[in-house]
1. Which residues, taken from segment 38-47, are over 14 Å from I113 (Cα atoms) and open to solvent by 100 Å² or more (accessible area, probe 1.4 Å)?
2. Output yes when any residue across segment 170-185 is surrounded by fewer than 17 Cβ atoms within 10 Å (Cβ to Cβ) and among the hydrophobic types (A, V, I, L, M, F, W, C), and no when none is.
3. Which one is most open to solvent (accessible area, probe 1.4 Å), of the residues in segment 204-226 that are at pLDDT below 90 and of a type in the set (G, A, S)?
4. Mind listing whichever residues of segment 90-104 are among the polar types (S, T, N, Q) and at pLDDT below 95?
5. What pairs come up if the first residue lies in segment 163-184 and is on the phi > 0 side of the Ramachandran plot, the second is open to solvent by less than 20 Å² (accessible area, probe 1.4 Å), and their beta carbons are under 9 Å apart, counting only those six or more places apart or on different chains?
6. Considering only segment 47-61, I want to know if a residue exists there that is more than 19 Å from L185 (Cβ to Cβ) and at pLDDT below 85.
7. Quick one: in segment 48-83, of everything that is among the small types (G, A, S) and surrounded by 13 or more Cβ atoms within 10 Å (Cβ to Cβ), which residue is nearest to I200 (Cα to Cα)?
8. Under the condition of being in a helix (DSSP H, G or I) and of a type in the set (D, E), which residue from segment 55-83 is farthest from the chain's Cα centre (by Cα)?
Amino acid sequence: MENEIKMLNFSCISDLQPSNDDKVDEYEKQQAELREQKRKENLERAYLENSNIPLRYRKESLKTYKPAADNVKVFNWVCNYVEAVKAKKNTKNLLYINGSYGTGKTHLGCGIIRELGGYILTSLELCITYDSCRDFKATETRIQFLKRLCQNKVLVIDEVGKGIESIEKQVLPYIINEFYGSGHLLVFLGNGSNDDFNKIVGEASADRMSESGVYIPLIGESIRKRK
């Protein structure tokens, strides 16, 4: 028995140990996973810090959006559109999503920003900030504020029609003109009809919307009533 043990060849055990190439591959895989995790963390941090997302929507996304039965096709279109933007295959870059209260417009807008990055503000915030730039203590002029706002690759303006009417009619056409043909995405959210929106932005901007824009209706009752 002792002689048999001495005769056994254990050299094959070395074949079971990972080669240097295997170790390198495993290390590179771990590093790639760490980089991807870091990238996602940075995106999440930027999303929360720089996007102006309302607190109640900070954990929401397109995945958590639950459309009413009547809005499933619209929701699927929005999801496909977002993927087209990522692939730079979208031909339209101006959107107006309208619907009654509680149909999920703001949720959709925040979901788009979560996927693409960007900035959201209400029309009233826009108007008040624009107007405050006239104050002698303001750190930027009105045109500087608008130029900075329009540098966002995705800009979502919520509650169109609820701002200061005279300022909306000045500022929204300017913003549309800045985004028109830029390749950057401009999304309006509002309760008003397409005609109501066109009256606010004026004929020239409505004409640009007809070429580079899409009007997206959300119908049905408030999501809050379905809970």
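1. Correct list: K38, R39, K40.
2. No; the residues of segment 170-185 include none that is surrounded by fewer than 17 Cβ atoms within 10 Å (Cβ to Cβ) and among the hydrophobic types (A, V, I, L, M, F, W, C).
3. Across segment 204-226, the extreme among qualifying residues is G220.
4. Scanning segment 90-104 gives N90, T91, S100, T103.
5. The qualifying pairs are G181/N93; G181/S212; G183/N93.
6. Taking every residue of segment 47-61 in turn, at least one turns out to be more than 19 Å from L185 (Cβ to Cβ) and at pLDDT below 85.
7. So the residue we want is S51.
8. Going residue by residue through segment 55-83, those that are in a helix (DSSP H, G or I) are 55-57, 62-64, 69-83.
The next check asks that each one be of a type in the set (D, E); those that pass are 70, 83.
Working: D70: 23, E83: 11 Å.
By that ranking, first place goes to D70.
The values are calculated or read from the model by the stated rules, or taken from the named source; none is laboratory data. As the structure is a prediction and not an experimental result, all values here were calculated from the model. Glycine gets a Cβ as well: all are built from the backbone with ideal geometry, and neighbour counts include every protein chain shown. Each accessible area value is taken on the protein alone, full model and side chains, heavy atoms only, with ligands, DNA and RNA left out. Shrake-Rupley method; radii C 1.70, N 1.55, O 1.52, S 1.80 Å.
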